[in-house]
Amino acid sequence: MLPLALTCAAVDDVTAWCLLAVAIAVTRTNSMIGAVPIIIYSVLYIGAMLTVGRWLLKILSTYYDRTGKLSQLMLAGIYMAVVLSALITEAIGIHLIFGAFLLGAAMPKNSRLVREIAEKTEDFVLIFLLPVFFAYSGLKTQIGLLNSPELWLLCSAVLGVAIVGKYVGTYYAARSCNLNRQEASALGWLMNTRGLTELIVLNIGLELGVISPILFTMLVIMALVTTFMTSPLLEWAYPKKSIRLHSQSDPVQGFENSSGSDNLALQSTTETAQIPISIGYRILVPVANPNTQKGLLQLATLIAQNDRQSAIINPLSLIELEEDYLFQSTPFEANRLIDRRLQQLNTLIATLEPIESRAIFQPIVQIGYDVAQKTAVIAALDQANLVLLGWHRPTFTNNRLGGRVAQMLGSTPADMAVFIDANDDSLIKRSNQTILVPYTANDHDDLAVEIAIRMLLNNQNRRLELVQVVSNQTKDGELSIELNSLLENLPAEICARITISTIEDIDPIPKIVEISGQVDLTIIGIGRAWGRRKPIFDHYTDRIAIQCTSSLLIARRYSQFSSHLSFVLEDNKGRQ
């Protein structure tokens, strides 16, 4: 919806600027015939700017791409070109603001040069020039001139005609183009808003004497009212709940941005993200930095891939648009960022071993301001069996598993695991690998065991050390009923690679840490305190996360009814 509204608004503004140039020419010459030479000169200048001017600006853009730096001399030259273009249009007989607009229209739109100019210019414009312009317009607005009921009635009529004309015209035009009523109504309210462009036109009209101070005041009130009314009416016509439902109807391609008024719906540019739901096993892997999280994807491969069940791994990269600059909120900028991030993910996937494992990766790239909420939505809609999350050092807490990790674990409706990589590549380099699972008989530990057993399936040299932990936090050293049932139904060749031992100690953590130094990966449940008290990570889990010397995976079970090994158990029963 927003891209369509932006396109319509752009066409509307360009048309308005052209009509404004003609109106100014006619006003200054007091006749249509006398304005013909000015119109001809204006058309010639527009043609020159869109041909020769654009060619020169493209050369400047190419030079910038080669040097990679916008020097002060280049920036000063661009500003001088803006002033020169404005002076030329003023000399021709149309307003100087038209020349500045024309130079901006001639700038190459796909260039990094434009983005850097915006970064260097926009703060000054928004913080200083824009408030000065509004203050200048406000000083010219004399509310006291509307000193009778008739004038206020006329002001109301102007406001009504402006709203009905813009909204009704847009609504029926959108309906004729097969937009549904809700979308057509939303587009009508978006087009109804009048702001900066209208104020510029009104100030020019007042300066030329085309409109009186009373009419200027009425039109300024109209511009302000139609701008302020857009947000509540848009929420009424197309509420966020409807946008969310529309986005969720296509869980991979569409998305909704939940950051207040910036409801931006874009489309992921990756066709590989369109995956049928019937895939046997699916892991969703949020990737914060494609340059540093190769180990996370490698671990996902070890968990997902085996010769008994098809699997898909979805590396998920969520891009948080920088809201410091308005130009970065455009669909073009978002699509550019999506394409670049997708390329980074594909480059990362191309480095994974073994080569045949790369075929099961289906990257997803989307825009999202609330990463935790967006991940939760995608995990639910994508029906992920497991969400594998990399560890991020929290900024405002001493908890090793705090910050954004805690937010995602608390909101994602799927089984999750947090990977703390020791950066030794032991799971890939060593031929004989050992996995340690400290077991305290809770649901999260059961998930840890299931993940470990999945990793035994794709490597016959991989072993599991299941250590029962008996301390003041556990009632006894017995395995849970669910785990006993699981072990009884596993194939014999897998059970042969599982060793079960016991640690009985008031403080078993030092012994667990000691054993972790002799294994390649430690998998531990999140702890008995999960979901029952704050902090959500108990002292037991957090101490192991800090002291563990091997790579560590912390598992959190979402549903007791989920199983990561049902295909193995069914297959074993069939053979028996």
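The values are calculated or read from the model by the stated rules, or taken from the named source; none is laboratory data. This one's a predicted model, so the numbers in the text were calculated from it and none came from an experiment. We place every Cβ from the backbone using ideal geometry, glycine too, and count neighbours over all the protein chains shown.
Worth a mention:
- From the list Gly160, Gly188, the lone residue that is within 15 Å of Met222 (Cβ to Cβ), out of contact with any strand residue (DSSP E or B) (no Cβ under 6 Å at 6 or more places or on another chain) and without any contact (Cβ under 8 Å) to a residue 60 or more places away in the chain is Gly160.
- Selection status of Arg54, under 30 Å from Arg340 (Cα atoms), basic (Lys, Arg), surrounded by fewer than 19 Cβ atoms within 10 Å (Cβ to Cβ) and at pLDDT 85 or above: yes
- Residue in the stretch 68-81 that is under 26 Å from Phe124 (Cα atoms) and either touching a Lys or Arg at 6+ places or on another chain (Cβ under 6 Å) or among the acidic types (Asp, Glu) (or both) present: no
- Considering only residues in the stretch 303-359 that are farther than 23 Å from Leu386 by Cβ, part of a helix (DSSP H, G or I) and in contact with a helix residue (DSSP H, G or I) (Cβ under 6 Å, 6 or more places away or on another chain), the one that is modelled with the highest pLDDT turns out to be Pro331.
- Taken as a whole, the structure places Glu198 among residues that are buried (at least 16 other Cβ atoms within 10 Å of the Cβ) and modelled with pLDDT under 85.
- Test for Val449: is it modelled with pLDDT of 80 or more and outside any helix (DSSP H, G or I): no
- Residues that are modelled with pLDDT under 85 and hydrophobic (A, V, I, L, M, F, W, C), drawn from the stretch 360-375: Ile367, Val371, Ala372
- Any chance Val14 is of a type in the set (Val, Ile, Thr), at pLDDT below 85 and closer than 20 Å to Ala105 by Cα: yes
- Qualifying residues in the stretch 116-135 (those that are surrounded by 15 or more Cβ atoms within 10 Å (Cβ to Cβ) and charged (D, E, K, R)) - the one modelled with the lowest pLDDT: Glu119
- Of everything in the stretch 78-111 that is at pLDDT below 80 and loosely packed, with under 14 Cβ neighbours inside 10 Å, the residue that is farthest from Met49 (Cα to Cα) is Asn110.
- Considering the stretch 131-222, the qualifying helices (runs of 4 or more DSSP H), each wholly inside and each with 1 or more residues that are among the small types (Gly, Ala, Ser) and farther than 29 Å from Thr29 by Cα, run over 149-176, 181-192.
- If you go through the stretch 453-475 and keep only what is out of contact with any helix residue (DSSP H, G or I) (no Cβ under 9 Å at 6 or more places or on another chain) and either at pLDDT below 80 or assigned to a helix (DSSP H, G or I) (or both), you end up with Val470, Asn472, Thr474, Lys475.
- Among the residues listed as Ala300, Ala273, the single one being outside the structural domain of Arg115 (by TED's automatic domain parsing), modelled with pLDDT under 85, within 20 Å of Val371 (Cβ to Cβ) and buried (at least 18 other Cβ atoms within 10 Å of the Cβ): Ala273
- Any hit, the stretch 10-23, residues being of a type outside the set (Val, Ile, Thr), more than 20 Å from Glu198 (Cα to Cα) and part of a helix (DSSP H, G or I): no
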